[in-house]
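Each remark here refers to the structure printed beneath this line.
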Amino acid sequence: MIDPNQQLYAQRRIVQYYTQLQQLQPAEQTILNLFRDRWARMKMLDIGVGGGRTTAHFAPLAQEYVGIDYAAAMIAACQQRFATASLPLSFAVCDARDMSQFADATFDFILFSFNGLDYVNHRDRLQSLQEIRRVGKPGGYFCFSSHNLQSLEPAFQWHTQLRWNPISTYVNLVMWGLLRLVNQPLTVPKIQAATHAIIKDESHNFRLQTYYIRPQTQIAQLAAHFDHIRIYSWSTGLELTSESDLHHNTESWLYYVCRFKSGGSH
Ligand SMILES: C[S@@+](CC[C@H](N)C(=O)[O-])C[C@H]1O[C@@H](n2cnc3c(N)ncnc32)[C@H](O)[C@@H]1O
């Protein structure tokens, strides 16, 4: 059965939106630089490739590049966008929850950028992580971003919407009201008590169900299959190195880089 998020991502206007995106986010640029000496030896899988924003940056560097998405319309858009590229790249319709079209230990580097992992429910998220581990080579790397539950506490409080500029305050309060309305009965105390939550945020007009998680919970969730976990601010590209940095971070999403554990979990 096709889920509502998957249906939304197949809509023409949403596909058009992702197809015109071009720039890497600062954290993605940091990660691209981090592996600069290794790309030429890496077989890369780009999950949730959307309209191919990241393809333009990573495919020319990688030894081989495969982009997948569960929305067939996104893959058709990528095939059109890169039809004339003379690079070792390919695209396929594939869901992260079931990547049986790929053998175990196929990829050296797997990317799931711009929070693509957040559009399935909790059980399916864990299933996706297991599949990612399966198709990743031991010692290879997984990089993804995910929404930060800590950003919801200020987002749910009206007084954090106030600005010196009255028009900004008005717009913020309208968006705050919509956020509270579409996410009833979620409250600030409930967010404070939660380790993760699925909410409708303002992206694509409150129509997507989006998974938010605390950074420390995300680290624990990764620990079964991955080690050497590093976390980066999406907006500055800087690594968050201390417990206190992580605990107090209220950015909307964060980037994670981790290594596939050797042995065991296939
Ligand atoms: C926020 S968009 C990001 C698109 C692109 N990576 C970018 O950064 O511009 C998320 C993408 O992930 C895809 N996606 C979400 N869940 C997926 C899943 N379980 N398997 C494959 N693709 C998925 C969606 O169809 C969508 O194209």
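The values are calculated or read from the model by the stated rules, or taken from the named source; none is laboratory data. Please read these numbers as outputs of a predicted model, since none were measured by experiment. No Cβ is skipped: glycine too gets one built from the backbone with ideal geometry, and neighbour counts run over all protein chains shown. Ligands, DNA and RNA are excluded from the accessible area calculation, which covers all protein heavy atoms including side chains. Shrake-Rupley method; radii C 1.70, N 1.55, O 1.52, S 1.80 Å.
Cβ-Cβ below 6 Å, separation at least six or inter-chain, first residue in the range 107-128 and at pLDDT 95 or above, second of a type outside the set (K, R) and near the ligand (Cβ under 8 Å from one of its atoms): which pairs?
L111/D46; F112/I47; F112/G48; S113/T54; G116/G48; Y119/N5; S128/A96
Against the condition part of a strand (DSSP E or B) and near the ligand (Cβ under 10 Å from one of its atoms), how does L111 come out, does it pass? Write out each step before concluding.
Values: part of a strand (DSSP E or B): yes; near the ligand (Cβ under 10 Å from one of its atoms): yes.
Answer is yes for this residue.
Inside the range 1-108, counting only strands (runs of 3 or more DSSP E) that do not spill past its ends, which hold 3 or more residues that are open to solvent by 70 Å² or more (accessible area, probe 1.4 Å) and away from the ligand (no atom under 12 Å from the Cβ)?
Ranges flagged: none.
Condition check: in a helix (DSSP H, G or I) and surrounded by 18 or more Cβ atoms within 10 Å (Cβ to Cβ). Does R180 satisfy that? Even if it seems obvious, please write down each step before you answer.
Values: in a helix (DSSP H, G or I): yes; surrounded by 18 or more Cβ atoms within 10 Å (Cβ to Cβ): no.
When the stated conditions are applied, R180 does not pass them.
Find all pairs meeting these conditions: Cβ atoms under 6 angstrom apart; at least six residues apart or on different chains; first residue within the range 165-181 and free of Cβ contacts under 8 Å to residues at least 40 places away in the same chain; second residue surrounded by 11 or more Cβ atoms within 10 Å (Cβ to Cβ).
T169/L162; T169/R163; N172/Q161; L173/Q161; M175/E202; W176/W158; W176/Q161
To keep it simple, each residue is scored yes or no on (1) of a type in the set (V, I, T); (2) more than 16 Å from the ligand (Cβ to nearest atom); (3) open to solvent by 10 Å² or more (accessible area, probe 1.4 Å).
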residue	(1), (2), (3)
I199	yes, no, no
E202	no, no, yes
F206	no, no, yes
T217	yes, yes, yes
D227	no, yes, yes
R230	no, yes, yes
G237	no, no, no
S242	no, yes, yes
